[in-house]
C-alpha cells in the first residue's frame, strides 16, 4: 500500500478523486481515503498544516494501514538557484526551527534523533526513473521544515544546503516514519522563492497551479512504483 500525505486540500484533492472503490476512515479530526489507483492500494490524508498535525497524521496512517511507503507531496518555498515551478525530490530532511547546539547537537537536530532523515533510496531511484521517462526536469535537494512560512533565511536555524527548500511538514512526517520504521519520500513543486521581493505574490499566484501539478506527478508515479 502507498500512503500519500499533503497538508492542504489542493495538494491531495485530485489524487483523492482518482480513487476507485473509495473507503472513508475517520480517526479524531483526520479523514483517510482508501482505495485503488492504477491497481495499487492507496491511502490519502490531508494532514493539516504544521509539524504536529502532519506527524500525528503520518503516525496514525502507519498504525491504521501499515503502508509500504509514505509520499509527502505538495508545494514549498525554494532557495536560489531554484526557481518557481521546479520539482524537488528531497534526499534529506531536517528542521529549521530547532537549536540544541548548546548540548552538542547539530543545528536543526532534535535531541536523540538523527540530524537528517534520509528518504528511501529504493523508492527515490524509482521516482527519478519515472520522471526521466516522462521528460520531467527535477532537482535533488534538502528539505528544511519549520512551523513558520519562511520569507527570509535569517529566520531559519539551519545551514544552507544545495537545492534547499523550506516548508512546514516534511521533516516531521519523515521523523514519524523514522520512528515507526516506514520508508518515505518527498516530492514538492516550488511555488515561491525565499528572500525574493515577489515571494508572497508568487505564492498566491502559483499555489493552486503547482499543487495541481504535484498531484499529477503523484498519479503518474503510483502506476510506476514497484511496491
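Where a number appears in this text, it was derived from the coordinates with a stated rule and is not lab data. Computed from a predicted structure; not experimentally measured. Every residue, glycine among them, receives a Cβ derived from its backbone with ideal geometry; neighbour counts consider all protein chains shown.
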Report task. Tell me, yes or no, whether segment 58-75 has at least one residue that is part of a loop (DSSP other than H, G, I, E, B), touching a strand residue (DSSP E or B) at 6+ places or on another chain (Cβ under 6 Å) and under 29 Å from residue 108 (Cβ atoms). Result -> yes
Requested in this report: Could you tell me which numbered condition residue 21 fails, if it satisfies all but one of (1) assigned to a strand (DSSP E or B); (2) at negative phi?
Outcome: (2)
Query raised in the report: Of the residues that sit in segment 129-154 and are farther than 21 Å from residue 80 by Cβ and without any contact (Cβ under 8 Å) to a residue 24 or more places away in the chain, which one is surrounded by the fewest Cβ atoms within 10 Å (Cβ to Cβ)?
Result: 135
Query - Tally, over segment 188-212, of residues that are over 18 Å from residue 147 (Cα atoms) and surrounded by fewer than 17 Cβ atoms within 10 Å (Cβ to Cβ) - result: 9
**Report entry** All positions within segment 19-58 that are surrounded by fewer than 19 Cβ atoms within 10 Å (Cβ to Cβ) and in contact with a helix residue (DSSP H, G or I) (Cβ under 6 Å, 6 or more places away or on another chain)
**Finding:** 27, 30, 38, 40
Query raised in the report: Does segment 177-187 include one or more residues that are in contact with a strand residue (DSSP E or B) (Cβ under 6 Å, 6 or more places away or on another chain), in a helix (DSSP H, G or I) and crowded, with 20+ Cβ neighbours inside 10 Å?
Result: yes
